[in-house]
Structures are given as C-alpha cells and as structure tokens.
Amino acid sequence: MKQPTPLNSANSIIRRRQLLQIGWSGLLACSMDQLAAARQLPRAVSQPRAKSLIIVFCTGAISHHDTLDMKPEAAAEVRGDFSPIATSVAGTQICQHLPGLATLAHKYALVRTLSHKDNNHLMSTHHVLTGHLQPGGFFDKVASRDDWPCYSAGCEFLRPRSDGIPNGVNLPTYLMSAPLTWPGQHAGFLGPKYDPWQIVGDPSRADFRVESLSLIQGLDQTRLDSRRQLLQDLQAGSGPNDEALAAARMVEDQRLAFSMLSAGRLTQAFELQREPDAVRDRYGRHAFGQSLLLARRLVEAGVPIVQANMGPVQNWDSHSAIFQTLRDRLLTPLDRGVSALLHDLDERGLLQETMVIMLGEFGRTPKINGDGGRDHWGPCFTGLFAGAGVQGGKVIGRSDEIGAYPDSTAYSPDDLGATVYSALGIEPHSVVRDRLSRPVHLNQGNVIEPLYSGGDAV
C-alpha cells in the first residue's frame, strides 16, 4: 500500500497572500464527502472547567531528574550535578535553577508518573499533543493526514466557531528538521480546515510581525468589504453540484480569512509593544519569555488553545553536556517565562479559567551516559499543571528511587488528552470519523482526576 504523502511544512505555515487567496484554514486539500460524513455525528459537549489552554512544550524532552523530580539520595550517576531547593509547599522540592517556579509551587500540581512505551521523538510528540498513538506509527514517521488531530483541531471540529478567531495557535516555531516534519501539529484526518494557525518568528525581535494579519499593499478595508460581497454573491449563485460545493468551500475559507483580518482584538494581540516594559521584562526579553507573553495575550483575545514551543525542534534533547546546557541556556529563561505567565494569569484573574501544562514528549534516562547527557526515556516523566480547577501545591504520583518507572498510578498521554478535552468542555470519547469514514473515539483515556481531588497525591 502506498504510504501517505507527508505534509509539507511550507503548506502548513500561513503566508499573507495565501490567506487572502484561499483562507487560513484551507491550504491543503480535503474531501468534501469526508467532512460531510463527519459532521453527521453527534457532538457531545460537557461542562468546561477551562476557557483556554496554554501548552508549554519543551520539544526534545526536558529531563525530569534535573528539574521537577530530583533524586538527591540516588547514586551520582543518577542524581546529576544540580541540587534541590525548597518550594512554597512544604516537603516539595525542585531544581535550584528554577527559583521562580519554586516560589509558585502552591499554584501548580506536578504529575510525576506520566508514562508511555515509546522513545522516538516524532511518535512521542504525536502521542502527547493528540492524546492518541500515531496510526501506523513507525520510527521517524513524519506528519501525514492519517494522523490523529491535535487538541485544538478536535475542539474546533466538535465545537466550531465563526467569529474569526482561530481555535488554535502554535508558535513561535514549526517543529521540523529536514526531511522530518513532526506529527501532532495539525488536524490530521479531520482535514486542513481544522488546522491550528502556525506562527513562525521570534516575538522577542524588534521586527517581529505577523504578515498574515496585514492587508496587502493597496488593499484597504473598503476593497476588502467589496471582495467579501463578491464572494457572497458567488455563493448565492452556486448550484447543488460538485463544482458548487468546491466553490462554497472556497467561499467559507475566504469568509474566515476576512473575519480574521477584520478582528481587531486578534491583530492587537500580536502587538507586544502595547505591553508595559515592566511586564515584558518580567517574562524576559528572549524567545521563551515573549512567546509566553504572546500566549497570554492570545488567550485574552479569545484564542482557546495556544501551544508555545520552547525552542526549535529537539531543543531539550540533551544527549551530551546536559548540565551545562540546562544551566547556561535553557532553565533560566524557562523558569522566568513560565513563572511570569502563572503570575500574570493569576493577577489578571485568568488562571481560574486557563489551564497551563508544561511538559516534553518523554523523560530522560536515569543514568547519565558517557557524554555527560541523558538519553530518551518514555516510561516515566513529569508534567506541570496549573489553573482551571487544578489544585495547586500537589504532587501526584511517585516515581521509583531512580526516577525510572512509576511507583504509583501511571498516567498515559491518552489520559493527558482526556484531561485536556474534558477541561475544555469536550467529551473525550466523542465519536468522529477517520479518513476511511470509520467511526472512532476522539480519545480513549481517562481524566487525571487527582488534579482536581485529594486522591493519589503523595
């Protein structure tokens, strides 16, 4: 059987002229029959805990041993170079290079028994960012339209919106390393209409600008309105045939594109210069910090799901010199940015309605290798959860004495997905249709209930 053609990243990143020509959500082809069949299914929606979700994704896999699940009593080849420090929660310690997060431990919960069976970056990324194993997954299987939908796509499909605000935004990098494009970043079999919006560019740069939200030279609001009317006339004159269906799809995409261009609050969200210098400084004038500030502004503008990638693909993949890399390059900006995000959301009254999750695609090996690094490790890793009903100050789950395996209840990426969907008011087990029009459950995990209750906390 012929393998599906991998997604081309150039088709996944919105460009200004494409936006005006075919719409932000229709850059790749998708079967009208497929969409129509999928829409026939019921859309079960539950009571949401959260209006928004911010995923702080440490691509490449952050080491749990050297950050949030330290083992100071273990042998030297396990415990590493860093020391734990006390936090605002008695009995909970984290890395000395995360002092900001240490002072906010009462605002978040740590799940120290996230676990899966894969050590491959691409498949693990797909699993964590979709809550489902990659269909037909194999070593370094790149993104394709057979993949499972990311969280924003699943939410958009089951709870569509038409206000010009995208349901998902991924920034500031697109996860790819030629010739590999990471799966889990798009809508998969649901089709390109539900793809999140990919923003590429460093928000800390003075020249940062999202051109897709700018009108091309010579096109003012009057001409934009004229084009919109022309498209409406086209739609009104179309008949019930295949050509008309294709035209209607184009019109719908154009309508969404026009809505985005006219949505002032979305445009303004990207104007970081509107923020006081003190706020920008609190986050840090670097890509990590300003990406997280932008995530907060997008949530305020009404974007339900924002994924902020902490660096280019595999940025945290420290097979050598891990302690130098973490100390000198990665942990300080991460600590500053995430601490500022939690403080800022809380100060603005947004933390109670915004779930924040920080994690990588897996953990790292208990023993330090011969190059002074740690390798891939799926069986046990840690995630940080905050906001939207999550009980702060909790440690959920316990890893064994060397952080190799869960020593209490393990939680899979499927459970992570169920938790995300449930928090956002989507029934995790909702039925959708795959590319072959077969009914499938969007997610098959279970909500991590100890995040909200007193059980299974150590």
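Coordinate-derived values only; no laboratory data. In this text the structure is predicted, and so the values were computed from the model without any measurement. Note that we place each Cβ from the backbone using ideal geometry, even for glycine, and neighbour counts take in every protein chain shown.
Can you give the net charge of the other residues whose Cβ lies under 10 Å from the Cβ of Pro99, counting K and R as +1 and D and E as -1?
For residues surrounding Pro99, the net value is 0.
Under 5 Å between amide H atoms, partner at least 5 residues away or on a different chain: which partners does Tyr405 have, H built in plane at 1.01 Å?
Here the answer is Asp400, since their amide H atoms fall under 5 Å of that of Tyr405.
Can you order the peptides 271-279, 343-351, 129-137 by their average number of other Cβ atoms within 10 Å per residue, highest first?
Answer by packing, highest mean first, reads 129-137, 343-351, 271-279.
Arranged by the count of other C-beta atoms within 10 angstrom, fewest first, what order do Trp316, Trp182 take?
By the 10 Å Cβ count, ascending: Trp316, Trp182.
Given the Cα-Cα distance of His441 and Asp375 and 0.36 nm per residue of separation, how much length would full extension add, in nm?
The span from His441 to Asp375 would gain 20.4 nm if fully extended.
Cross-link list Lys51/Lys141; Lys141/Lys367; Lys141/Lys193; Lys107/Lys141; Lys51/Lys107; Lys51/Lys367: which exceed 30 angstrom alpha carbon to alpha carbon?
Lys51/Lys141; Lys107/Lys141; Lys51/Lys367
Taking H placed 1.01 Å from N in the peptide plane, check which residues at least 5 places from Ala388 or on another chain put their amide H under 5 Å from its amide H.
Here the answer is Gln352, Glu353, Thr354, since their amide H atoms fall under 5 Å of that of Ala388.
Add +1 for every Lys or Arg and -1 for every Asp or Glu among the other residues with Cβ under 12 Å from the Cβ of Ser177, and state the total.
-2
Lys and Arg at +1, Asp and Glu at -1: add these up for the other residues within a Cβ distance under 13 Å of Leu266 and post the number.
Net local charge, Leu266 excluded: 0.
How much length, in nm to one decimal, is gained on full extension between Ser88 and Asp202, taken as 0.36 nm per residue of separation minus their Cα-Cα distance?
Extra length from Ser88 to Asp202 when fully extended: 37.8 nm.
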